[in-house]
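Quick notes on the structure that follows.
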Amino acid sequence: STMRNRKTTDLSHSSADLNEGKEKLRLKQEVGLISGVSLIAGTMIGSGIFMSPEWVLHHMGSPASSLLIWAACGVLAMFGALSYAELGTIIKESGGEYIYILRIFGSFPAFLFAYTSVILVRPAGLAAVCLSFAEYAVAPFYPGCSSPQVVIKCTAAACILLLTIINCLNVRLATSIMNIFTAAKLLALLVIVVGGLVLLAKGQTQSFQNAFQNTTAGIGAVGVAFYQGLWSYDGWNNLNYVTEELKKPEVTLPRAVMIAIPLVTCLYLLVNVSYLAAMTPSELLSSGAVAVTWGDKVLGSWTWLISLSVALSTFGSSNGTFFSGGRMCYIAAREGHMPDILSMAHVQRLTPSPALMFTSAMSLIMIISGNFTSIVNFFSFVAWFFYGMTISGLLYLKIKKPELPRSYKVPIIIPIIVLLASVYLVLAPIIDQPQMEILYIILFVFSGVILYFPLVHFKCHPRFLQRVTLHLQLFLEVAPTTRDES
C-alpha cells in the first residue's frame, strides 16, 4: 500500500508539473504585432534564398524571368496569407490548415492532411533545410569543387540528431537558439544586399543585358521553378498555427501579413540581384552553394563569414521548423487523428519529446533517400494540394455562409487567384513531366484511407497498441497533457 501511495503521489506531482509545463509549452498568450511579424519573417527566411536561386534560374533559363518568378512567388504568398487571415478571423482556433479542413470539410480530409503532414510534409521540410545547412557547413572544406554527397548527408543527419536533443532537453534553450540565429540570417542577407548594390554602382551589370535571352516557356518548367521559389517563402501561413495566442487576432493577423511578406519579398529580390551582379548566369548555375560563391567573388578572404552566417541561418530555421512541428502533431492527436503518444510531454522537461523524435526519424529517412531539389519538389506538390483545399474552403464559406461573423474580408478575386495557382502548381509538373515519384506520393496520401476507417472512424484500437503506448510512456517518461481550453 505504501508503494501504491508513493506511485499515486508521483503521478499527481507529474501531472501538476505537466499542467505547469503546458503554460511553458504554449506560445505567450499575448503575441502582438511585432512578435507576429518576426514569427512570419523569421520562419520564411531559412535555407531557400541561399539554395533555390540557381534552381529557379536553371528552370527559367534567363536572369530576368527568374527575378519575375521570385516577385510572383512573393505576390502569391501574400495573396495566400491574406486569404488565410480571413479564415483565421472566422475560425479562431490554432492549427492552421488542419483545423480549417476539419471544421469546413470534416474529419476524413483533415485526417488525410494530418497523416500526410506529420509523416511526409513536415519531415521533408526539415530534411531539405538540414541538407542546405550541411551544404554550407562543409563547403569551406572543399574549396573549388563540389562537396561529396556522403559528407553532406552525414552532416545533415548529425544536424537533425543535435536538434532532437536540444528540443527534447529544454524548451527555453530551443527558443533562445531561434532568436540568436534569426539575427545571424538577417545580417547575412544585409551583407549580400549591400555588396550587390556596391557592385551595381561600380557598373557590374553584364548579367542584366539581354536579360530575357534563353527564357524557358514550358508549363512544367515554370511550375517547378515556382516550387523552388515558393520553398523560400514557405512559412507565410505560420501565424495561423497560433491564432489562439494572438492579441486581437482580427487586427494583428492581417496587419502582420501585410508587413512581413512584402519585407521578405523585397529582401529576396535584392539578394537575387546581388547574386547576378557578382556572377554570370552560368557561374550561378554551376555553384553548389550560391552565397559562398558570391562570397568568394566579393569578400575574398572574408568569404568564410558568409558560410558561417548561412550555416547559422539554416540551422536556426531548421530549429524553428522542428520547434513548431510538435504543435501540428499535438493538435491532431488532441482531435483523435494521431496516436495518443504524440500528444504527450516529458514529465520533468515538459517538452513534446515523442512528437519530436517521430519527426526526427522520418526526416532521417528522407535525407538518406533524397536530395535537396527532389525533396523540395515533393514537399511543394503535397503542400500546394492542401493549400488549394483550404482556400476552396474559404471560397465555400464566402459564397454559402456570408452571414458568419468575420472582422476582416479579403476580396473574393484573391482566393480565386490562389486556388487557380495551386491547381496549376499541382497539375503542371504532372502534365509536363510525369514522374513515378508523384504517383507514389498520391498513393501515399490516399493510403491514409486504410488507417482512417478502422482506427479513427470505427475506433478499433487493438489491445497491443494500448500496451505499446503504455510501454513507450514508461520508457520515454511522458504523460498526457491537458486539453487547451483557450
Open item on the list: Quick check: Cα centre of region 335-405 to Cα centre of region 104-170, how many Å?
Closed with: 14
- [ ] Could you tell me which of Y233, P354, L419 has its Cα farthest along the dipole of region 33-474 towards the positive end, charges placed at Cβ (Lys, Arg +1; Asp, Glu -1), taken about the Cα centre?
- [x] P354
Open item on the list: Between (i) 22.2, 67; (ii) 23.4, 82; (iii) 22.8, 86, which entry matches Rg and Dmax of the Cα atoms in Å as derived from the coordinates of this structure?
Closed with: (iii)
TODO: Any chance you could look up the accessible area of L470 with a 1.4 Å probe, heavy atoms only, rounded to 10 Å²?
DONE: 100
Open item on the list: If you count only protein heavy atoms and use a 1.4 Å probe, how large is the accessible surface of Y233, to the nearest 10 Å²?
Closed with: 0
Open item on the list: On a full-extension model of 0.36 nm per residue, what is the gain between R463 and E437, subtracting their alpha-carbon distance, rounded to one decimal in nm?
Closed with: 5.8 nm
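In what order, largest first, do L404, L120 sit by accessible area if the probe radius is 1.4 Å? It would help to have the intermediate numbers written out before the result.
Working: L404 60, L120 35 Å².
The ranking, largest first, comes out as L404, L120.
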Open item on the list: Under the 0.36 nm per residue contour assumption, what length would be gained going from the current alpha-carbon distance of S301 and I180 to full extension?
Closed with: 41.1 nm
Open item on the list: With angles folded into 0 to 90 degrees, how steeply does helix 2-25 sit against the dominant principal axis of the chain? Use alpha carbons for both and round to 10.
Closed with: 30
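Taking only protein heavy atoms into account and a 1.4 Å probe, give the accessible area per residue of region 33-190 in Å².
On a per-residue basis, 32 Å².
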- [ ] Using only Cα atoms, tell me the angle between helix 219-233 and the longest principal axis of the chain; keep it within 0 to 90° and round to the nearest 10.
- [x] 70
Open item on the list: Tell me the angle of helix 436-446 to the major Cα principal axis of the chain, expressed in degrees between 0 and 90 and rounded to the nearest ten.
Closed with: 30
Open item on the list: Can you give me the accessible area per residue for region 322-443, using a 1.4 Å probe, in Å²?
Closed with: 44
- [ ] Report P(r) for region 57-148: all Cα-Cα distances, bin width 5 Å, range 0 to the bin holding the largest distance, values in whole percent.
- [x] 3, 11, 11, 11, 17, 16, 12, 10, 6, 3, 1
Task: Residue-averaged [θ]222 nm for the chain, counting only DSSP H segments that reach four residues, each worth -39500 (n - 2.57) - done: -24000 deg cm²/dmol
Task: Accessible area of S52 in the full protein assembly, 1.4 Å probe (Å², nearest 10) - done: 0
TODO: Post the alpha-carbon centroid distance, region 230-261 to region 278-304, in whole angstrom.
DONE: 33
Task: Calculated on alpha-carbon atoms, Rg and Dmax of region 184-321 in Å - done: 17.6, 51
Task: In sequence order, calculated HN-Hα J values of region 126-142 (Karplus, 6.51, -1.76, 1.60; Hz; x Gly/Pro) - done: 5, 4, 5, 5, 5, 5, 6, 4, 4, 4, 7, 5, 9, 3, x, 7, 10
Open item on the list: For Cα pairs less than 8 Å apart in space and 6+ apart in sequence, what is the mean separation divided by the residue count of the chain, i.e. the relative contact order in percent?
Closed with: 33
Open item on the list: Please list 3J(HN,Hα) in residue order for region 367-378, calculated via the Karplus relation 6.51 cos²θ - 1.76 cosθ + 1.60 where θ = phi - 60°; whole Hz, with x for glycine and proline.
Closed with: 5, 5, 9, x, 10, 3, 5, 5, 5, 5, 5, 5
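List the relative contact order of region 168-317 as a percent without decimals, with contacts defined as Cα pairs under 8 Å and 6+ residues apart.
46
At a 1.4 Å probe radius, carbon and sulfur cover how many percent of the accessible area of region 33-474? Don't skip to the answer; put the middle values down first.
Values: 12580 of 17900 Å².
Percent of accessible area from carbon and sulfur atoms in region 33-474: 70.
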TODO: Mind giving me the FRET efficiency for L33 and I412? R0 is 25 Å, r the Cβ-Cβ distance, nearest 0.05 is fine.
DONE: 0.40
TODO: For a label point 7 Å from the Cα of T205 along Cα→C-beta, name the residues of region 266-284 whose backbone N is under 13 Å from it.
DONE: 277
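Test of understanding: what is the full-extension gain from V151 to L395, defined as 0.36 nm times their sequence separation minus their Cα-Cα distance?
Length difference between fully extended and current span is 83.1 nm.
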- [ ] Report the one residue of L276, S107, L199 whose Cα lies farthest in the direction of the positive end of the charge dipole of the chain (charges on C-beta: Lys and Arg +1, Asp and Glu -1; origin at the Cα centre).
- [x] S107
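The values are calculated or read from the model by the stated rules, or taken from the named source; none is laboratory data. As the structure is a prediction and not an experimental result, all values here were calculated from the model. All Cβ positions, glycine included, derive from the backbone under ideal geometry; neighbour counts span all protein chains shown. Calculation scope for accessible area: heavy atoms of the full protein, side chains included, ligands and nucleic acids excluded. Shrake-Rupley method; radii C 1.70, N 1.55, O 1.52, S 1.80 Å.
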